[in-house]
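Contents: one structure, followed by commentary.
The values are calculated or read from the model by the stated rules, or taken from the named source; none is laboratory data. All values reported here derive from a predicted model rather than from experimental measurement. We place every Cβ from the backbone using ideal geometry, glycine too, and count neighbours over all the protein chains shown. The accessibility values were calculated without ligands, DNA or RNA, using every heavy atom of the protein model including side chains. Shrake-Rupley method; radii C 1.70, N 1.55, O 1.52, S 1.80 Å.
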Amino acid sequence: MEEQKTLAKDVAAADYNASDMPFDFVEEGEQTALICEADGSVREKIVAAMKATGYRTSEAANARDALKKTRFHVYDVVVVNERFDADNPDANDILVYYEALPMTTRRRSFLVLLTDRYRSSDNMAAFNKSVNLVVNLKNIDDFAAIFKRAFADNTAFYHVFRETLKKMGKT
């Protein structure tokens, strides 16, 4: 567990480097997605689904790269394979990082966990793993439909929360 904290701290303590920024420019209202998936064919399907829904995507090469990208940009959607750059799926550096974020920051991102251990759309597994959606890799061809429904449900559920944050000036 200490190793995960060290990676996040190392990335946070690193000097500023403009090349670590995921995008040069993001237009207001434009939504972004970070894809953390090592399997090229799975990653292509996710990127295609996200782009078809209007997201600008950024792909991470490894956990360090993903954490560097999140250092300068709060992604609207983060798709993480639980085994992405991790031997132990229960100690994924990216998921550990998101668990530790303040709630106001964390709720700005919709986390999708790719797994072969849980069923797609399993709300208890999602709650247990501190993510918004679980997608089983067997259902990757249906990713767009599963994501669209879950994201709409999440948007409706957190509507009042987000509006309150806006009124308080915290977004």
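A few points about this structure:
- Residue selection: Glu44 satisfies the criterion of being closer than 14 Å to Ile140 by Cβ and surrounded by fewer than 21 Cβ atoms within 10 Å (Cβ to Cβ).
- The residues of the range 131-158 that are in contact (Cβ under 8 Å) with a residue 12 or more places away in the chain, under 17 Å from Tyr75 (Cα atoms) and open to solvent by 50 Å² or more (accessible area, probe 1.4 Å) amount to a single one, Lys148.
- Residue within the range 159-166 that is surrounded by 13 or more Cβ atoms within 10 Å (Cβ to Cβ), modelled with pLDDT under 90, over 28 Å from Ser41 (Cα atoms) and aromatic (Phe, Trp, Tyr) present: no
- When the range 83-104 is limited to residues that are acidic (Asp, Glu) and free of Cβ contacts under 8 Å to residues at least 40 places away in the same chain, the one that is farthest from Leu137 (Cα to Cα) turns out to be Glu99.
- Residue that is least open to solvent (accessible area, probe 1.4 Å) [pool: residues in the range 109-120 that are more than 15 Å from Ala91 (Cα to Cα) and more than 16 Å from the chain's Cα centre (by Cα)]: Ser120
- The range 8-41, residues that are surrounded by 11 or more Cβ atoms within 10 Å (Cβ to Cβ), modelled with pLDDT of 90 or more and not in a loop (DSSP other than H, G, I, E, B): Thr32, Ala33, Leu34, Ile35, Cys36
- Options Arg107, Arg117; residue that is without any contact (Cβ under 8 Å) to a residue 40 or more places away in the chain and of a type outside the set (Phe, Trp, Tyr): Arg117
- Pairing residues of the range 54-69 that are closer than 9 Å to Asp85 by Cβ and free of Cβ contacts under 8 Å to residues at least 24 places away in the same chain with residues that are open to solvent by 10 Å² or more (accessible area, probe 1.4 Å) and in a loop (DSSP other than H, G, I, E, B), at Cβ distances under 8 Å and at least 6 apart in sequence or on separate chains, gives Asn62/Asp85.
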